[in-house]
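No value in this document is a laboratory result; all are computed from the given coordinates. No experiment lies behind these values; they were computed from the predicted model shown. Every residue, glycine among them, receives a Cβ derived from its backbone with ideal geometry; neighbour counts consider all protein chains shown.
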Amino acid sequence: MKLFYCLLLFVTPAVFAQKSIQGKVTDRKGNALPGANVFLKGTYDGGTTDTNGVFAFRTSESDTATIVASYVGFEVFENKIDLKEGIPAMTIKLEELANELNTVVITAGAFEASDEKRMAMLKPLDIVTTAGAAADITGAMQFLPGAQRVGEQEGLFVRGGSGQETKIVIDGMIVQNPFFSSLPDVQSRGRFNPFMFKGTSFSTGGYSAQYGQALSSVLLLNTTDKVSNNGLGISLNLANAGLNYDYANKNQSVSAVVYYGNLRPLFKLVKQNVEWLHAPEFKGSSLTYRWKPTKNGVLKVYGMYSDSHLSMNSNDPSSDSGKMRLVLKNKNAFTTSTYTDSWADGRWTLNSGFSYSRNKDDMTYDGVNFDRFDERTQARIVLTRLLTGNNTVLFGAEAHAINIGNGVDGTLYRLKDRYAAAFVESEIYITRALAARIGVRSEYSSVISRANIAPRLSFAYKTGRYSQVSLAAGQFYQNPDYRFLYLNRSLKYERADHLILNYQIIKNQRTFRVETFYKNYAQLVREFTGLKYDADPYRFPWGTTNNGGDGYARGFDFFWRDQKSIKNLDYWVTYSFVDSERLFQQYAQSATPTFISNHNISLITKKWFEKAKTNLSATYAYTSGRPYYNPNNDEFLKDRTPAVHNVSIQASKLQSIKGNLVIFYATVDNILNTRNVFTYRYTPDGRTRYAVGPQSYRSFFVGMQIMLSKKAKVEKDDF
């Protein structure tokens, strides 16, 4: 008994020395948060809130302490309190963590196709399961709002811009030759396998200060950080055969691809509108290595090489025979390595990269040398600092060494350009509903000995739980076409000013988006020959040139996607309108360029049949008539081609054969066999007109992919 009183003697003062801490935890609107943890940092003193959000506990700490409150889905609360005096009941209000429902995202001018990004409009596999896209990345982008289909030329044509005004960027590095070598009146497809990318962002304007040298658009492709351990795979179709191998362990993965293709068997089955003397024959390989050396660091190295050979008779209205024999042998190599990492609990992020590309076209027209050569070496670094409230600031720089050569009628023209750029950009969340992105980019090009400064600005405001509006504006510069710079290096940058207003709502697997834009062109290159307009798009510009050109493009886009209303049916509709005129190149007066159609409509549907493990896809595309040059019409570029209609279907079926996964696929392009015309060209005397159309009218393609691994897996959601 004496011992009890002795213990009571010592313990009682300590108990009476403890202080009571009590209060209530709520969300921002005052709603109680039951089950929240509340404690003093660095001690065991604390408790949890009851059903009314109330907490109470005692502490023997004195002087000052830091009280902490945490709750799932909310930001952690910390605050210093004074324990010397009486502590009144406190009310702690927690802020919800940023998520797609409570935080605005800057979206003006950007379309995301990613498994990671918020507000994504398309999945990566949409690219390969869209009928009419031919599993080509740029082919799929042409069905998005703002993009336009131009069947006889390579490139992405966006909102009144030419194919040269869009840059394709892989992991931040510009791709010098994203398409196979261009051929007269034949559209070239992209060089890269869509399965190597985890995300795609297609900007139709107003894009980030991180990117430049594109007057209209950038297509950003991000490669995968790791692959599934799919083992060996075999692809076989009417055009090529290939092997691919994937291996992955905890921190490393490697993917290898080798292929050989010859289009002769396909051309035997599909009637061609092109007179092929040697059907395209090609071979190539690629190797990708990924390594995760630290918790957050990722090193990726990618290299590819391709070699092709073809020969054809192309239409030449200026020759007596009306044809010209073209022989092309191409060798292309591209390698890029990137390293990303973060430290200090993610407050700092590093993105760096180095790449090298080399392309060589040994090309002759009727035996005369028209060789092409280009080489680009680039390095880039970007540092991003995460600030409080999810605000960020990034700054970076890049440098390029570009060498270009072009043979013209046996004469070889060459030039070198040393290009450098620096940029800084900040995303500021004024509130969860209002955000701004402010950036500026500066560039220098040695070939024209000029620099520029380009400001960029975007705002986004969340108008509801699922809706928002965005506004983007900025200046964008690009070097003149190198064909002009061979003869005149005093030219200035060409410039475009963008203004974009966007509204979108994403709710319950349905998306509605509408965007309007105005683009002002300035300092466009004009050429003066003293002769009549020459409509040959492949002519070499030999006249005197200056930057006296200008122009505009204006219009709006509409996008609707529904993945909910009908089970296993996914469809989307796009409509784009553009009105544009320019005074540039050989134009003697402002006119709508020949690559522009005012109206573009796409309807894409996909239906999954569970029992048959089959996905069916159908696409209808409409492109209104485009201007073409008629030497017999006194009004410049006032004639229009007929509208282009195209209906395509595609089927993909999953099948297990002896434990191996096999994907069969078949597609029919232009199933209605519509005799589409892209443009017309005339003989020099203006008496004969040639129609330029697709390489083939109705065509089909079949193939299969075999995955020789029990671990290989494809789900219906992948389609």
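Taking the longest Cα principal axis of the chain as reference, the axis of helix 2-17 is set at about 50 degrees. Both radii come from the Cα set of the range 126-199: Rg as radius of gyration, Rh as Kirkwood radius; their ratio Rg/Rh reads 0.93. Shape summary of the chain, radius of gyration then Dmax from alpha carbon positions: 30.4, 125 Å. Projected label points at SER590 and ASN568, each 7 Å from Cα along the beta carbon direction, are separated by 5.4 nanometres. Length, then width, then depth: along the principal axes, the Cα atoms of the range 378-507 run 64, 29, 24 Å. Label positions at PHE528 and ALA56, each projected 7 Å from the Cα along the C-beta direction, are separated by 9.1 nm.
Treating r as the C-beta distance of TYR44 and MET90 and R0 as 25 Å, the FRET efficiency rounds to 0.80.
How large is the helix-only mean residue ellipticity at 222 nm for the chain, computed as the sum of -39500 (n - 2.57) over DSSP H runs with n ≥ 4, divided by its residue count, in deg cm²/dmol to the nearest 500?
Values: 5 runs with 35 residues, N = 719.
For the chain, the value works out to -1000 deg cm²/dmol.
Packing order of peptides 67-75, 627-635, 590-598, highest average first: 590-598, 67-75, 627-635 (average count of other Cβ atoms within 10 Å over each peptide's residues). Each Cα pair under 8 Å and six or more residues apart adds its sequence gap; the mean of these over the residue count of the range 281-433 is a relative contact order of 15 percent. Please name whichever of ASN251, ASN391, ALA612 sits farthest to the positive end of the charge dipole of the chain, dipole taken about the Cα centre and charges placed at Cβ: Lys and Arg +1, Asp and Glu -1. Of the options given, the answer is ALA612.
Which pairs in the list LYS567/LYS611; LYS24/LYS462; LYS198/LYS567 are over 19 Å apart, alpha-carbon to alpha-carbon? Pairs exceeding 19 Å: LYS24/LYS462; LYS198/LYS567.
With the cut-off at under 15 Å, measuring from each backbone N in the range 233-260 to a point 7 Å along the Cα-to-Cβ line of TRP291 picks out 249-255. The packing ranking, built from the mean of other Cβ atoms within 10 Å per residue, places the peptides 185-191, 464-470 in the order 185-191, 464-470, highest first. Taking 0.36 nm per residue of separation and subtracting the current Cα-Cα distance, fully stretching the chain between TYR305 and ALA612 would add 106.7 nm. Computed extension gain for TYR247 through ALA399, at 0.36 nm per residue and net of the alpha carbon distance, reaches 51.3 nm. The mean sequence separation of alpha-carbon pairs under 8 Å and at least six residues apart, normalised by the residue count of the range 648-709, gives a relative contact order of 38 percent. Counting only Cα atoms, the range 464-603 measures 62, 29, 24 Å along its principal axes, largest extent leading. So the label point goes 7 Å from the Cα of LEU383 along Cα→C-beta, right? Which residues of the range 326-362 then have their backbone N under 12 Å from it? Within reach of a label on LEU383: 348-351.
Taking a spot 7 Å from the Cα of PHE664 along the direction of its beta carbon, which residues of the range 600-616 have an amide N less than 17 Å from it? Answer for this model: 609-616.
Between ILE657 and ALA344, residue separation times 0.36 nm minus the direct Cα-Cα distance comes to 107.7 nm. Using the structure shown, select from LYS532/LYS638; LYS226/LYS295; LYS360/LYS492; LYS271/LYS331; LYS167/LYS331 the pairs with a Cα to Cα distance greater than 19 angstrom. Those over the limit are LYS360/LYS492; LYS271/LYS331; LYS167/LYS331.
Computed over the range 205-264, relative contact order equals 25 percent, with contacts defined as Cα pairs under 8 Å that lie 6+ residues apart. Averaged over residues, the count of other Cβ atoms within 10 Å places the peptides 57-63, 240-246 in the sequence 240-246, 57-63, highest first.
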